[in-house]
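Down below is the structure, laid out as structure tokens.
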Amino acid sequence: MSAERVARHLPGIRGFSLGLAVLTAEVLVLGLHLASSSASYTDPFALAYPFVWVNAALLGVWFADVPDADGRRRLAAGAVAGGYLLVLAYFGGVLSPGYGLVGGADTASPGWYVSSGLPPGYGPAAVYESALATVVLVPYKLVGYATLAYLVYGTVVDAARTGVAGVLGLLSCVSCSWPVLAALVSGVAGSGSAVAAATMDQSLGLSTVVFVVTVALLAWRPTFG
């Protein structure tokens, strides 16, 4: 990312005002939750992790440049980004096998339910359970994983634009695999009944650091200039 590119994306007074408004709203939402909740939190940093994810995602999308491309390249980049999103969803606990595939009760009724009472960003978490699949929609993960997929899309388009050297650079993009490895290490996976325990684990600190670094690298894309 050149100095000219950074300068081009720096927000003006309106942008700074909007950013300040977002941060103020986040503080108010978190304060209202703490004031109305009877739960006690042993790790106060865990309450901030979702906001770090969301803010990093917004900044990553703001600073990222997605080059123009023809329809064929856009389709190819979309396919890669979609596959990457599915991998993140699986290893990040958003998508997992249903009760029918893991030896659960065959008589359970599929459907959606909402896991309420979670801190802002972790909830409200919408959960879908069926015999084939379990889907856990945690707000900060939806924003984070969608952002990573978008940035990977831009990276693939950029790599295709730069030719063979860019494609080889994409294949060696170690940072793209960091969020998947972090999800495996931190163990943020499980069924809908384990949403609260999984999302409040202290190992989310590792996932948060990896996410922020990955967003920064994919938005910067030093490999492709």
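The values are calculated or read from the model by the stated rules, or taken from the named source; none is laboratory data. Keep in mind it's a predicted model, so treat the numbers as computed, not measured. Note that we place each Cβ from the backbone using ideal geometry, even for glycine, and neighbour counts take in every protein chain shown. Only protein heavy atoms, including side chains, enter the accessible area calculation; ligands, DNA and RNA are left aside. Shrake-Rupley method; radii C 1.70, N 1.55, O 1.52, S 1.80 Å.
Please list, in chain and number order, the residues 5+ apart from residue 134 or on another chain whose amide H is under 5 Å from its amide H, with Hs placed from the backbone.
Placed amide hydrogens put 96, 98 under 5 Å from residue 134.
How would 115, 38 line up by accessible area, probe 1.4 Å, largest first?
38, 115
Quick check: with the 1.4 Å probe, what order do 26, 129 take by accessible area, largest first?
129, 26
Would you calculate the separation in nanometres between label points at residue 72 and residue 90, each defined as 7 Å from the Cα along the Cα-to-beta-carbon direction?
The answer from the label model is 2.9 nm.
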